[in-house]
Amino acid sequence: MAIFIDFERAYDMLHVPTLLKKLLNMGIIGKTYNWIVNFLSNRTFQVKIGTSFSDKYSLENGTPQGAVISSLLFFIMINDIPQGLDGVEMTLFAEDSSIYTGHQNHNKLQNRIQLSLNAIDKWCNTNGFKISISKTVGVLFTKKRRIANINIKVGNESIKIEKTAKFLGVIFDQRLSWKPHIEYVITKCKNRMNLMRAVSGNHWGASKKALLHIYRALIRSVIDYGDTAYSSAPKSYLDKLSSIQTEALRLCCGAAKGTPATALQNECGELPLQMRRLQNSLKLGTKILGNQDHPVKSAYQPHWTNEFRTFSHKDESTYTRTQDFFSSLDLPFQAPTFPTSPPWLNNDIEVDISLHKSISKKNDNPELRLISLDHMSRYQTYTHVYTDGSKNGDLVAAAYTIPILNLDKQIRLCNSSSIYAAELTAIKEVFCWISENENQDLKHFAIFSDSLSVLISIRNSFSRSRPNLLQETLRIFNKIRISKVHLIWIPSHVNIIGNEKVDALAKQSLSLPIINSTNYLELQEVFSIIKLHVVNEWQRKYDSDTKGQHYKFICPVVDTNIKYVDNNRKKEVQISRLRLGKVNLNERLLLMKKLESGLCTLCKVPENINHLLLNCRKENISNILRDKCVSYKVDFNIKNLLDVGCIQSEVYRLISLIYKGKVV
Ligand SMILES: [Zn+2]
């Protein structure tokens, strides 16, 4: 059973004196405290219509809407709300909160929930909040048909016990079938699909690419939201969502009704929804498993119900859906953690990427070499260090060399690391060496790297893909006491001796038997592995699907790229239809009962795509196309006719000629 609690005008009701007391208790004093007091006192507001203003009113309570600090103050205010008592759990997401617990015995259930709710109500009374009785609802989650009467009160008034409740934008229903939520999503998507219809036609309007942007932003985002939760819904409901996707992709391509979904998905580079749900579950699981204290960690861990379950397939849990992947992923990974020291305590680091700005792609190699050597001569008196990373398949390695000391270091990282991680690890290891070996005679270092992205990360103390590794590197850098260290960008492969040497060293390091640095991945790298896994699953499903054989002959491999686009919408639609295999030629028109005969009017054989492009005599189309293939030195077949750019244009020209400019 869960109670979804609604606080009446939570932000506006925030009781300022109580908040200030809490701030003091937390140890927030001095200037910060005075600033907040000042920010919250003597505030007035007025309404503007046109050029006229209303009277001013003063704001006694609440934090100003839209101010950055308002949310933080609200969290501080609500942070000491009582957690559930006696096995009742509580979730809190800003002002959206719920309490829930389970029990076989409905009386016990009711008592437990009531006690926790009483505690929250009491807290509200002393903190200036109020539970809205009309908007707070309870839902008893059960598969039983006969449901006991449950009565939960706030003060003296009973709250509503409903069959569904909307919490954080997801509708939870009593039987957790997700039917109401899926219906809600479908209605929302259908309205938005009309927008796509309004801006596109088969002869005019937005392109496939633009329409796909609209689909992804307005429709796919709605389908994605909460999909990890609702993916346990019965297949028949989930299929309804797939129909929405198919319909939207059909609009994007201008394809005919009845075009196979598998073909549309690959043509648009869109994962089937089942694969998308898998991908989202795996991504969420990675975030959760990488975080020791995550509140829903148990969802991704084995539970006795997974072993002894009597459920049918439709109830497959998140754990069973994702364990294949997570048990095959034997690589250690870390979710982002907070830096152990604030950024303003980091030592200053000199990063010189000026060379990158002064060279252009037009410079040839010998010229680049001279420019680089000239730039490096500024660091003549420094100890030169060269770093590099290398990747081959799953294997990842790095190296550095200090020529003047005749010192080389070879490094191997955790498999599947990014090349960025390798380049950064090389620099980390140099910092490590400097911090252990610096002395009065050896304290000026120039580290040369060809990785612009790594140097920019270090300069900005920010890395999107490897935040933890960057923090680790900076932590080691802070241990350097007396040395002056410069990081300098130089181009790769321009025949600078130290750079060439370290390049070779890094490649050799790929064969090191053991991993000796950075033995962990971070989120973005695991996400890449997940994407690969999901696309492989997609390929398996694609291969085994009997529909869309025509399209599979043209595109046998699935991936997330859009396969064919053209600036001319009419051409884009016509060629897409031919590729997707549903074209309004006579054979199909007969099936749709729009024609009496399905034969080609000239050749008197069934008129379909193969006939039209490979054998038909109208406008001499097949002979012209055959000659075209010969002149481009490719085989004369459907795949080349519909997949090679310049031949596609010829196909389009001839079809326009035969059908007098009509899209078939
Ligand atoms: Zn014909």
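Brief remarks follow.
- Residues that are outside any loop (DSSP other than H, G, I, E, B) and closer than 20 Å to residue 283 by Cα, drawn from segment 224-237: 224, 227, 228, 229, 230
- Condition broken by residue 574, with the remaining ones in (1) of a type in the set (S, T, N, Q); (2) in a helix (DSSP H, G or I); (3) within 16 Å of the ligand (Cβ to nearest atom); (4) within 39 Å of the chain's Cα centre (by Cα) satisfied: (3)
- Inside segment 597-612, residues that are among the hydroxyl-bearing types (Ser, Thr, Tyr) and near the ligand (Cβ under 8 Å from one of its atoms) make up a count of 1.
- Among the residues of segment 499-524, the one identified as of a type outside the set (A, V, I, L, M, F, W, C) and within 13 Å of residue 282 (Cα to Cα) is 524.
- Any strands (runs of 3 or more DSSP E) falling wholly within segment 39-137 and containing at least 2 residues that are under 32 Å from the mean Cα position of the chain (by Cα) and within 26 Å of residue 26 (Cβ to Cβ): 89-93, 96-100
- Scoring residue 229 on the criteria (1) surrounded by fewer than 19 Cβ atoms within 10 Å (Cβ to Cβ); (2) at pLDDT 95 or above; (3) within 19 Å of the chain's Cα centre (by Cα) leaves a single failure, condition (2).
- Qualifying strands (runs of 3 or more DSSP E) (wholly inside segment 139-198; at least 2 residues being aliphatic (A, V, I, L, M)): 170-173
- Taking the criterion of being touching a Cys at 6+ places or on another chain (Cβ under 9 Å) and among the hydrophobic types (A, V, I, L, M, F, W, C), the only residue of segment 473-504 that qualifies is 476.
- Unmet criterion (only one of (1) within 16 Å of the ligand (Cβ to nearest atom); (2) of a type outside the set (Val, Ile, Thr); (3) at pLDDT 95 or above; (4) buried (at least 16 other Cβ atoms within 10 Å of the Cβ)) for residue 615: (4)
- Members of segment 82-119 found to be touching a strand residue (DSSP E or B) at 6+ places or on another chain (Cβ under 7 Å) and hydrophobic (A, V, I, L, M, F, W, C), listed by number: 88, 90, 99, 113, 117
- Tally, over segment 577-591, of residues that are away from the ligand (no atom under 13 Å from the Cβ), assigned to a helix (DSSP H, G or I) and under 19 Å from residue 551 (Cα atoms): 5
- Members of segment 42-71 that are under 14 Å from residue 11 (Cβ atoms) and among the small types (Gly, Ala, Ser): 62, 66, 67, 70, 71
- Residues being in contact with a Lys or Arg (Cβ under 8 Å, 6 or more places away or on another chain) and either under 12 Å from residue 252 (Cα atoms) or crowded, with 19+ Cβ neighbours inside 10 Å (or both) - total across segment 549-562: 4
- Checklist (1) within 16 Å of the ligand (Cβ to nearest atom); (2) in a loop (DSSP other than H, G, I, E, B); (3) basic (Lys, Arg) applied to residue 594, failing item: (1)
- Taken over segment 430-449, residues that are crowded, with 22+ Cβ neighbours inside 10 Å and either assigned to a strand (DSSP E or B) or touching a residue at least 60 places away in the same chain (Cβ under 8 Å) (or both) amount to 4.
- All positions within segment 618-649 that are within 39 Å of the chain's Cα centre (by Cα) and within 16 Å of the ligand (Cβ to nearest atom): 638, 641
- Test: residue 185 is β-branched (Val, Ile, Thr), surrounded by fewer than 18 Cβ atoms within 10 Å (Cβ to Cβ), farther than 25 Å from residue 663 by Cβ and under 26 Å from the mean Cα position of the chain (by Cα): no
- Answer from 647, 658 - the residue that is aliphatic (A, V, I, L, M), crowded, with 17+ Cβ neighbours inside 10 Å and touching a helix residue (DSSP H, G or I) at 6+ places or on another chain (Cβ under 6 Å): 647
- Residue 621 without any contact (Cβ under 8 Å) to a residue 40 or more places away in the chain and within 26 Å of residue 208 (Cβ to Cβ): yes
- Selection count, segment 450-460, where residues are surrounded by fewer than 20 Cβ atoms within 10 Å (Cβ to Cβ) and either under 23 Å from the mean Cα position of the chain (by Cα) or not in a helix (DSSP H, G or I) (or both): 1
- Residues of segment 521-539 that turn out to be closer than 20 Å to residue 419 by Cβ and buried (at least 19 other Cβ atoms within 10 Å of the Cβ), as a count: 7
The values are calculated or read from the model by the stated rules, or taken from the named source; none is laboratory data. Everything numeric in this text was worked out from a predicted model, so none of it was measured. Because the Cβ atoms are built from the backbone with ideal geometry, glycine has one as well, and the counts that use them run over all protein chains shown.
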